[in-house]
Amino acid sequence: MTMALPTEIETAARPPSMIERMTKILECFEGAHTRLLLEEVCRRTGLPRSTSHRILEQLVQLQWVEHTRSGYHLGRRVRSWGARESGHSALRAAAAPRLHDLSVRTDLVVHLAVLDATFVEYLDKVGGRRAAAVASRVGGRAPAHCTALGKAMLAWLPPEEIDALYEDGVPAATDGSITDLAHLHRELGRIRSTSGVAIERGECVESIACVGAAIRGPEGPVGAISLVGRKVSPLERVAPLVHDVAQRIALDLFGAESARAQRARRG
């Protein structure tokens, strides 16, 4: 008769650790667009309902999972890993020549950024000597709702996702910042109604203004670009140019698939 080693017996009898249970829950989600109700998570993992609910809520708080009316789905922290590995380098490469051209044509500083929960993360900054006068830096972050970059991307997220992101409040960066969730929803609605062009004046930094537009793929915004000027600069004049360059970058990245998806959302 073969006898099991003590370590084998202990392993078989040992209940799954918290890390193992969290892993089982995360593995339920087959992709970024998988939506699961609590009962479906319980069925797939074999975990008790109370345990599944408790772990899911912890994962929601840590942004590994998000919870909306349609169920649970993978959160921004998970999605950002894949984006950092592949999407960001592709986005930078596609945008680089157009950012340089936009800066030359307008004589303004150009930003490229992505959305990271309630912040924007700067991927590129072009503007030669003029760039030194703007405090942003590649790798730095700024509150999304206070920047043209961030508002341009937030405008294309589902309203319930905005509610979840700002459930703890809408903090101010300056006296001109939006600090009310209802006001933020109205502003995002206005941006959508103007083809996605966002403008901010003194909302993030008192002395500057920005105009931005999102780079939209088939599944939503993957980044945004903006032009930076003085607070009194008539940036409305260059808004169509910013919108056009953002669309061209999207076409470079996604081809006609991006244009079809954008038309479908407008419809």
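Results, tabulated for the structure shown:
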item	result
Residue within the range 88-109 that is under 30 Å from residue 248 (Cβ atoms), surrounded by fewer than 13 Cβ atoms within 10 Å (Cβ to Cβ) and small (Gly, Ala, Ser) present	yes
Answer residue from the range 129-141, given it is within 18 Å of residue 92 (Cβ to Cβ) and surrounded by fewer than 20 Cβ atoms within 10 Å (Cβ to Cβ) and is modelled with the lowest pLDDT among those	131
Search result, residues across the range 165-208 that are under 20 Å from residue 222 (Cα atoms) and modelled with pLDDT under 90	194, 195
Residue match in the range 102-119 (condition: among the aromatic types (Phe, Trp, Tyr) and not assigned by TED's automatic domain parsing to the domain that holds residue 245)	no
Residue list for the range 55-81, restricted to those being under 19 Å from residue 159 (Cα atoms), surrounded by 18 or more Cβ atoms within 10 Å (Cβ to Cβ) and at pLDDT 85 or above	65, 66, 72, 73, 74
Pair list, Cβ < 6 Å and 6+ apart or interchain, from the range 131-142 residues that are assigned by TED's automatic domain parsing to the domain that holds residue 106 to residues that are part of a loop (DSSP other than H, G, I, E, B) and at pLDDT 85 or above	142/204
Strands (runs of 3 or more DSSP E) contained in the range 20-130 and holding at least 2 residues of a type in the set (Asp, Glu)	119-126
The range 239-258: number of residues that are at pLDDT 90 or above, of a type in the set (A, V, I, L, M, F, W, C) and surrounded by fewer than 16 Cβ atoms within 10 Å (Cβ to Cβ)	2
Residues being free of Cβ contacts under 8 Å to residues at least 40 places away in the same chain and more than 20 Å from the chain's Cα centre (by Cα) - total across the range 102-126	4
Selection within the range 142-163 - buried (at least 16 other Cβ atoms within 10 Å of the Cβ), farther than 21 Å from residue 244 by Cα and in contact with a His (Cβ under 7 Å, 6 or more places away or on another chain)	162
Boolean, residue 193 is of a type in the set (S, T, N, Q) and without any contact (Cβ under 8 Å) to a residue 40 or more places away in the chain	yes
Criterion: β-branched (Val, Ile, Thr), surrounded by 22 or more Cβ atoms within 10 Å (Cβ to Cβ) and touching a His at 6+ places or on another chain (Cβ under 6 Å) - qualifying residue of 211, 228, 197	197
Qualifying residue in the range 178-195 (condition: over 30 Å from residue 89 (Cβ atoms) and touching a Gly at 6+ places or on another chain (Cβ under 9 Å))	yes
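The values are calculated or read from the model by the stated rules, or taken from the named source; none is laboratory data. The model shown is predicted, which means the values in this text are computed figures rather than measured ones. Glycine gets a Cβ as well: all are built from the backbone with ideal geometry, and neighbour counts include every protein chain shown.
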